[in-house]
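Worksheet: one structure, shown below.
The values are calculated or read from the model by the stated rules, or taken from the named source; none is laboratory data. Note that the structure is predicted; figures quoted are calculated from it, not measured. Note that we place each Cβ from the backbone using ideal geometry, even for glycine, and neighbour counts take in every protein chain shown.
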């Protein structure tokens, strides 16, 4: 029996105008241990969401009056806290826009499934969600945290660091990690960063950066004692990058001393003082640290930032990587970014990999590294050495996909 069948048959509410598609989906949900209720009209579905509080809402984007994106806003207005799975049948760009809208509204989005729905894909999308319980990190009736709660969390060191593994495409082996902060809330459990990072004050954000950096360096030293040398990436804000304190946090390292430390700054982050930011970045570079542009391709001033800052790495945004095996436009964008990176002598990291069949294309395009749930989810520090020893080579996965290995000229 599936994991989510043990939750006393969790309820899914389906909004779909095509009765045949709804019947197929209802049968698939039943096979996966869920009960489902089908609606063709938005009004009756919304009434059911309010009265029954289903664990899952499945809705087609092609519904009319209101349309699928307007439905997401109506779900958010009714403070729906379950999971939302979209059904395709529309242009892939529309599905991705709808997913981003839902995430911005605070909905727990599971992405979209193309029609006809396949049982294996549905099973994979729902696996491990514990649909009979509240979605993780979204406490009912408490969508926000106060500044006082965040201050106490910092003081009590309730924040912890997990690591997203990063793999080199040339060797297929674990090459580095990205440090990701989590809040181990004493009542709610592990909370993802999206639920609290936007609420931090400038002072709290700088203290958090210092904590993550200190923890990441300590963990990297423990890995090194076990014979494992990895690069460590830490996310910093534009405000962090303009602070002279950032350099002081790493001064106990000598230039070139392991681990290789990479500061990731999101492309969407603005710098109030580009010259000061460039100065700090240059000093970091002179002291053996590197700068990475995160979420490349979705922000602003991309090329001017490459020109001004001593960049060592580009991270291709996950919105382009996730669907490149089925979307020619996404594939073209990833290939263009990889070509730009190669011409500039930069590492190019594809983030957000979900499908192993995309690996061969990423290597052909010229990406040098890859990370994403398709290879490994973020793990605790103590799991990294085990992952390095046990992880099957990425190149084996490329070979298994049946695609030729090698880069485009």
Residues of the range 308-321 classified as buried (at least 22 other Cβ atoms within 10 Å of the Cβ) and part of a loop (DSSP other than H, G, I, E, B), total = 1
inquiry  = Out of 106, 102, I need the residue that is under 24 Å from residue 321 (Cα atoms) and buried (at least 22 other Cβ atoms within 10 Å of the Cβ). Which one?
reply    = 102
query = If the Cβ limit is 6 Å and pairs must be 6+ apart or interchain, which residue in the range 184-209 that is within 22 Å of residue 240 (Cβ to Cβ) pairs with which residue that is assigned to a strand (DSSP E or B)?
reply = 191/183; 191/185; 193/181; 196/183; 209/236
note = The condition from (1) in a helix (DSSP H, G or I); (2) without any contact (Cβ under 8 Å) to a residue 40 or more places away in the chain; (3) in contact with a strand residue (DSSP E or B) (Cβ under 6 Å, 6 or more places away or on another chain) that residue 36 misses is numbered (1)
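Filter the range 70-95 down to the residues that are surrounded by 15 or more Cβ atoms within 10 Å (Cβ to Cβ) and out of contact with any strand residue (DSSP E or B) (no Cβ under 8 Å at 6 or more places or on another chain), then identify the one that is nearest to residue 323 (Cα to Cα). Walk me through how you get there before you give the answer.
Just the residues of the range 70-95 that are surrounded by 15 or more Cβ atoms within 10 Å (Cβ to Cβ), to begin with: 71-72, 74-76, 80-90, 92, 94-95.
Those left that are additionally out of contact with any strand residue (DSSP E or B) (no Cβ under 8 Å at 6 or more places or on another chain): 74, 76, 90, 92, 94.
On the way: 74: 27, 76: 26, 90: 15, 92: 9, 94: 13 Å.
Residue satisfying both the conditions and the ranking: 92.
Can you find a residue in the range 219-231 that is surrounded by 15 or more Cβ atoms within 10 Å (Cβ to Cβ) and either at pLDDT below 85 or assigned to a strand (DSSP E or B) (or both)?
Keep residues of the range 219-231 that are surrounded by 15 or more Cβ atoms within 10 Å (Cβ to Cβ), which gives 219-220, 223, 228, 230-231.
The next check asks that each one be either at pLDDT below 85 or assigned to a strand (DSSP E or B) (or both); those that pass are 231.
Checked the range 219-231: at least one residue is surrounded by 15 or more Cβ atoms within 10 Å (Cβ to Cβ) and either at pLDDT below 85 or assigned to a strand (DSSP E or B) (or both).
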remark   = Quick count over the range 336-350, residues being farther than 24 Å from residue 232 by Cα and buried (at least 20 other Cβ atoms within 10 Å of the Cβ), is 0
ask   = Counting only residues that are assigned to a loop (DSSP other than H, G, I, E, B), touching a strand residue (DSSP E or B) at 6+ places or on another chain (Cβ under 9 Å) and closer than 18 Å to residue 260 by Cβ, how many does the range 171-198 have?
value = 1
message = When the residues of the range 112-124 are narrowed to those that are touching a strand residue (DSSP E or B) at 6+ places or on another chain (Cβ under 7 Å) and at pLDDT 80 or above, which ends up surrounded by the most Cβ atoms within 10 Å (Cβ to Cβ)?
response = 112
message = Looking only at the range 267-303, count every residue that is at pLDDT below 70, surrounded by 15 or more Cβ atoms within 10 Å (Cβ to Cβ) and more than 23 Å from the chain's Cα centre (by Cα) and tell me the total.
response = 3
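Restricted to the range 126-147, and to residues that are at pLDDT below 80 and either under 25 Å from residue 19 (Cα atoms) or not in a loop (DSSP other than H, G, I, E, B) (or both), which residue is nearest to the chain's Cα centre (by Cα)? Break it down stepwise before answering.
Pass one, the range 126-147, residues at pLDDT below 80: 127-147.
Retained after the next criterion (residues that are either under 25 Å from residue 19 (Cα atoms) or not in a loop (DSSP other than H, G, I, E, B) (or both)): 131, 147.
On the way: 131: 21, 147: 25 Å.
Of everything passing the filter in the range 126-147, 131 is nearest to the chain's Cα centre (by Cα).
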ask   = Is it fair to say residue 353 is at negative phi, touching a helix residue (DSSP H, G or I) at 6+ places or on another chain (Cβ under 7 Å) and either crowded, with 17+ Cβ neighbours inside 10 Å or assigned to a helix (DSSP H, G or I) (or both)?
value = yes
From 13, 63, 49, 57, residue being in the same structural domain as residue 118 (by TED's automatic domain parsing), surrounded by 16 or more Cβ atoms within 10 Å (Cβ to Cβ) and at pLDDT below 85 = 63
